[in-house]
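Bear in mind these aren't lab numbers, they're just calculated from the coordinates by the rules spelled out. Remember, predicted model here, so these are calculated numbers, not experimental data. A quick note on method: Cβ atoms are made from the backbone with ideal geometry, for glycine too, and the neighbour counts reach across all protein chains shown.
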Amino acid sequence: MAIFIDTGNIAEIRKFMKMGILRGVTTNPSILLKDGLTGGLPEIKKRTLEIAKLIHPYPLSVEVTTNDKDKMLEQARNLASWTDNIAVKITIHGPEGEMHNLEVIHTLEHQFNIRVNVTAMMSAQQCLLAAFAGATYVSLFCGRVNNMGYNCIDELRKTRKLLDQFNLKSKIIAASTREVLNVVEWFEAGAHIVTILPPLLEGMLVHPYSKETVKQFLRDAQKSEQIAIRKSAEEIIEMPIESLKNDSVSVRL
Ligand code: G3P
């Protein structure tokens, strides 16, 4: 099981990488735009290389920006050539349900040995087909599934069961986090990986009662130090004048 971070923000990635808790990063065009990236592929390349270096050898998922079959194949091969820790993200089908994406996914994995993260999936059945096509990662958009009124926990359980049953290599990435609670629940339901938004990672870590407890420890540590200082001060005050004189003589010597 592993935690990925769902962002293109370098400072956030660096912060959590230093803590040793991340095993990968996922991005998509919407995330990059939200993180202030404009300028198309040349800018995507710059940001990608920066992130990929920062997290190496862990994988960075980068999405193609076209749904034209040939262009998708060409762009995916180009993205994968930038550095060795890139997984190319391809959506399960096109905007109008075009089905050639699976063919592209299969070709990339089997002919070109490129890791593919199949994305924008909402059901176990989509994940199963992506896994049969050879995907390294199958990304189930759990938050969006829940938004549609379904329970993504069921889809996660079914997906994991099917992958295990058919002995398929794909790893499930539970994506589209909405609440801190999602992470543990989705792991419990069978996700191999959960990709998390930075604020939710912080929410997992920081607990109000832990804060209160730490404050108590620090307060008491300080109190105990002050008591010790006060005690030694009192001992000095109570010392006979003669012994203090001797001390000062021996110090001078
Ligand atoms: O990793 C996929 C994720 O970024 C989609 O999330 O919040 O747009 O549903 P969201």
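Numbers for the structure displayed
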read-out: Pairwise FRET efficiency - Ser232 versus Met1, Cβ, R0 = 51 Å, nearest 0.05; value: 0.45
read-out: Cysteines without a disulfide-compatible partner [the chain; Cβ-Cβ under 4.7 Å]; value: Cys127
read-out: Shape category assigned to the stretch 123-212 from the gyration tensor of Cα positions, a/c cut at 1.5; value: prolate
read-out: For the stretch 1-77, convex hull of alpha carbons as volume per residue, Å³; value: 99
read-out: Order by protection proxy (mean Cβ within 10 Å, highest first), peptides 43-53, 185-195, 222-232; value: 185-195, 43-53, 222-232
read-out: Charge dipole (debye, nearest 20) of the stretch 50-125; +1 at Cβ of Lys and Arg, -1 at Cβ of Asp and Glu; value: 220
read-out: Share of alpha-carbon pairs per 10 Å distance bin for the stretch 8-163, given as whole %; value: 11, 38, 37, 14, 0
read-out: Virtual paramagnetic centre 7 Å along Cα→Cβ of Leu33, amide N under 17 Å, in the stretch 1-26; value: 7-9
read-out: Centre separation in Å (Cα based) which lies between the stretch 1-21 and the stretch 179-226; value: 16
read-out: Neighbourhood charge, 15 Å Cβ-Cβ cut-off, centred on Thr38 and excluding it, Lys, Arg +1 and Asp, Glu -1; value: +2
read-out: All lysines inside 26 Å of Lys34 as judged from Cα atoms, apart from same-chain residues fewer than 8 positions distant; value: Lys15, Lys18, Lys45, Lys46, Lys53, Lys71, Lys89
read-out: Sites Leu205 and Met239, calculated FRET efficiency, Cβ-Cβ separation with R0 51 Å, nearest 0.05; value: 0.50
read-out: The chain: angle of helix 152-165 to the longest principal axis, Cα-based, in degrees nearest 10; value: 70
